[in-house]
Ligand code: MN
């Protein structure tokens, strides 16, 4: 089994180091990850400046680009082979609910999925890397289970996995859950720069709004590893008919106005 590892916290982050150390015992693994922290870069690709690949002292390749850039160039020429699985993380902090839209960790995994490779995004709930080795062992266990069930090499899938910061023996079994929702983000933070200009800092993510039973928020709060299968089609299928009817009326109104 050949695994491509990436992340969004940068190639030197403890989360990707722990994931590499855990997975290299069960697979051929290569790391291609961003040089800098690229959290919240989602699926962004760098189109207007060149990308450079270098190898760090730890052996990992790093790129002056986004998580999606890393996986994209790895799969379209850099590796020279097709990996069986793309694994992203382990992220410094949860990627639950709406986080998945912004997450560079999910973005890296999604890039693999878009190229037809099964992919998993791993995140640890609390920032700070407490019990990161336990999280890496859990990640390895999940990868091994996927391999044993022959899900790797079959049709592609995309999984988002969040792991509580607990000692290995205290982490509860995997639950498959839907994404919850967050409230809107906190207000923007302003400061005055040394040159007297106003600086704006994006505020923190909002607290959970939908954390009902069955959501990722609920199950991780109870100590479970949570797995959410993701899809990429953003179409609002439930409202296709409604919008078709509405658009038909709009067309009529627009013609009358002319
Ligand atoms: Mn991150």
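Residues to consider are 232, 226, 161, 143; find the one that is within 22 Å of residue 89 (Cβ to Cβ), in contact with a helix residue (DSSP H, G or I) (Cβ under 7 Å, 6 or more places away or on another chain) and surrounded by fewer than 10 Cβ atoms within 10 Å (Cβ to Cβ). Residue meeting the stated conditions: 232. Within the bounds of the stretch 36-50, is there any residue that is within 23 Å of residue 144 (Cα to Cα) and surrounded by fewer than 24 Cβ atoms within 10 Å (Cβ to Cβ)? No, the stretch 36-50 contains no residue that is within 23 Å of residue 144 (Cα to Cα) and surrounded by fewer than 24 Cβ atoms within 10 Å (Cβ to Cβ).
So if I check each of 121, 108, 139, 134, which one is modelled with pLDDT of 95 or more, away from the ligand (no atom under 12 Å from the Cβ) and in contact with a strand residue (DSSP E or B) (Cβ under 7 Å, 6 or more places away or on another chain)? 139 is the lone residue from the list that is modelled with pLDDT of 95 or more, away from the ligand (no atom under 12 Å from the Cβ) and in contact with a strand residue (DSSP E or B) (Cβ under 7 Å, 6 or more places away or on another chain). Looking at the stretch 183-202, can you tell me whether even one residue there is touching a helix residue (DSSP H, G or I) at 6+ places or on another chain (Cβ under 7 Å) and closer than 25 Å to residue 107 by Cα? There is no residue in the stretch 183-202 that is touching a helix residue (DSSP H, G or I) at 6+ places or on another chain (Cβ under 7 Å) and closer than 25 Å to residue 107 by Cα.
From the list 87, 63, pick out the single residue that is more than 13 Å from the ligand (Cβ to nearest atom), within 23 Å of residue 130 (Cβ to Cβ) and buried (at least 24 other Cβ atoms within 10 Å of the Cβ). One residue alone meets the criteria, 87. Restricting the first member to the stretch 3-14 and to residues that are closer than 10 Å to residue 39 by Cβ, and the second to residues that are at pLDDT below 95 and within 13 Å of the ligand (Cβ to nearest atom), no beta-carbon pair is closer than 8 Å while six or more apart or on different chains. Among the residues of the stretch 17-32, those that are touching a residue at least 60 places away in the same chain (Cβ under 8 Å) and within 16 Å of the ligand (Cβ to nearest atom) comprise 18, 19.
Criterion applied to 109, 94 was being under 30 Å from residue 204 (Cβ atoms) and within 9 Å of the chain's Cα centre (by Cα), and the one residue passing it is 109.
The values are calculated or read from the model by the stated rules, or taken from the named source; none is laboratory data. Just so it is clear, the structure is predicted and the values come from calculations on it, not from any experiment. Virtual Cβ from ideal backbone geometry, glycine too; neighbours counted across all protein chains shown.
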